[in-house]
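Derivation of every value follows stated rules applied to the coordinates shown; laboratory data play no part. If you're wondering where the values come from, they're calculated on a predicted model, not measured in any experiment. Reconstructed Cβ throughout: ideal geometry from the backbone, glycine too, with neighbour counts over all protein chains shown.
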């Protein structure tokens, strides 16, 4: 990554916090600290010191990624993320006719398919999915995971029968309508603070191509969110969603 691109990716530096708009194609961290090409390694080379990643994003996923300059801040920001919320934008390859769905389906390892999947013996997982813009053959979704299971968003979209554009693992056949999975970590809310990551140009181009123009975004005239919420699954506990982990997309 060039110094110019790295500087553009750094959204905020504040009292040890480094907030990055991670580009697609760049992993949050490598297999080890010496491995080149990860966002963590790029930041370490830039600041010439140790940098810690607070949470992980998939290589293909763009958007908000939290790093810190001091080790003691990892626990502080991990707790802040657990107390707050994350919002993602996703593009699926069909026109969705509902407004909102809440998916309560447990996730775990499927030894037969040798990948993660919805499983009765898996960990509790909850994802809220809301339609933002509908096109003829695609839909822009706002997604809020309240638990943080690995690949949670992608698996719950699969469970809903929705093909994430660019998805190459959690579909019967890879979706080749995008060069990468169209998932962007758009917003993080923590107590007292709110952060946004601008949508990258490659995803803007996909939105334009699929007819998902932001100017067309209008709330339904005769349908409230509460009137069209459907629970999928029966895992919702009486006490609410479980504790979040580091990776949910």
Relative contact order in percent for the chain (Cα pairs under 8 Å, 6+ apart) equals 22 percent
For the pair residue 109 and residue 193, the simple spin-label estimate (label points 7 Å beyond Cα toward Cβ) gives in nm 3.5 nm
Gyration tensor on Cα atoms of the stretch 1-83, a ≥ b ≥ c root eigenvalues, a/c under 1.5 rounded, else prolate if a/b beats b/c, else oblate, says rounded
Protection proxy (average C-beta count within 10 Å per residue), highest first, orders 81-94, 27-40, 151-164 as 151-164, 81-94, 27-40
Cα-only Rg/Rh for the chain with Kirkwood Rh rounds to 0.96
Between residue 82 and residue 120, Cβ-based FRET efficiency (R0 22 Å, step 0.05) works out to 0.30
Within the set 22, 72, 144, GNM on the chain using Cα springs under 10 Å gives the largest fluctuation to 72
Once normalised by the length of the stretch 1-83, the mean sequence separation of its alpha carbon contacts under 8 Å that are 6 or more apart gives a contact order in percent of 29 percent
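Taking 22 Å as R0, compute the FRET efficiency from the Cβ-Cβ separation of residue 208 and residue 179 and round it to 0.05.
0.90
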Given a Förster distance of 30 Å, the FRET efficiency implied by the Cβ-Cβ spacing of residue 32 and residue 5, rounded to the nearest 0.05, works out to 0.80
Rounded to the nearest 10, the angle in degrees between the Cα long axis of helix 72-83 and the longest principal axis of the Cα atoms of the chain comes to 10 degrees
